[in-house]
Amino acid sequence: METGVNTTAGSAVNPLLGTWHLVRWDITYGDGRAPSLPFGAQARGMIMYTHDGHMNACIARAGRPALSSESVRSAPEAERLAAFESYFQYAGPYTLQTDAGRPQVVHTVTQSLNPNFVGTRQVRNMDFSADHQQLTLSASDTVPGSGVARHHRLVWSRTPPP
């Protein structure tokens, strides 16, 4: 059952409200291969949930090199590709729902670095630490073109990394 985000309620009603910082993003696979870290062990990221029902998430590989040009438009194609492949971003409205007793957040993507994400609904299972200072968002899908199941787990903290 989907419910709209209460735009007047405080974080006691909506524990997502505020800014979260990425601790870790890992993926496990159903075929037994080793887990992976899509943007490495030192990936940086931020996800924000607002009182008016919008969210914005971005994740980047640590140590991304600067472009050799002051403008992305005049940077060499290989540098632009590397910049695109080392950064992930999307934004849009969100709603909270419960599925089989499990709390979920649904991100309805209206903007994204990856144009294929626009118009999609990204459903994430939510788990909080006992003190609500750590949030785990997770989802399962298949590796494109293979049918192999994979499970994404993103751990976020209210405290920024050092």
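What are the residues in the stretch 45-60 that are surrounded by fewer than 18 Cβ atoms within 10 Å (Cβ to Cβ) and over 11 Å from the mean Cα position of the chain (by Cα), if any? Result: THR50, HIS51, ASP52, GLY53, HIS54. Being closer than 28 Å to GLY53 by Cα and not aliphatic (A, V, I, L, M) is a condition met by no residue of the stretch 71-83. State whether the residues of the stretch 114-126 include one that is more than 19 Å from THR19 (Cβ to Cβ) and touching a residue at least 40 places away in the same chain (Cβ under 8 Å). No, the stretch 114-126 contains no residue that is more than 19 Å from THR19 (Cβ to Cβ) and touching a residue at least 40 places away in the same chain (Cβ under 8 Å). Candidates PRO115, PRO103: the one that is of a type outside the set (S, T, N, Q) and more than 23 Å from PRO15 (Cα to Cα) is PRO115.
The number of residues in the stretch 36-86 being in a strand (DSSP E or B) and not hydrophobic (A, V, I, L, M, F, W, C) comes to 6.
To keep it simple, each residue is scored yes or no on (1) out of contact with any Ser or Thr (no Cβ under 8 Å at 6 or more places or on another chain); (2) closer than 18 Å to ARG153 by Cα; (3) in contact (Cβ under 8 Å) with a residue 24 or more places away in the chain.
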{"position": "ARG64", "(1), (2), (3)": "no, no, no"}
{"position": "GLU77", "(1), (2), (3)": "yes, no, no"}
{"position": "ARG80", "(1), (2), (3)": "yes, no, no"}
{"position": "VAL105", "(1), (2), (3)": "no, yes, yes"}
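Number of residues in the stretch 87-109 that are on the phi < 0 side of the Ramachandran plot and in a loop (DSSP other than H, G, I, E, B): the value is 1.
Looking only at the stretch 136-150, which residues are assigned to a strand (DSSP E or B), over 14 Å from GLY32 (Cα atoms) and not hydrophobic (A, V, I, L, M, F, W, C)?
Correct list: THR136, SER138, SER140, ASP141.
With respect to the stated conditions, GLN122 is buried (at least 16 other Cβ atoms within 10 Å of the Cβ), under 19 Å from the mean Cα position of the chain (by Cα) and not aliphatic (A, V, I, L, M). Taking the criterion of being in contact with a Phe, Trp or Tyr (Cβ under 7 Å, 6 or more places away or on another chain) and of a type in the set (S, T, N, Q), the only residue of the stretch 135-162 that qualifies is SER157. Annotation for the stretch 8-22: no member residue is closer than 25 Å to ARG150 by Cα, β-branched (Val, Ile, Thr) and at pLDDT 95 or above.
The values are calculated or read from the model by the stated rules, or taken from the named source; none is laboratory data. For clarity, every value in this text was computed on a predicted model and none was experimentally measured. Backbone-built Cβ (ideal geometry, glycine too); neighbour counts: all protein chains shown.
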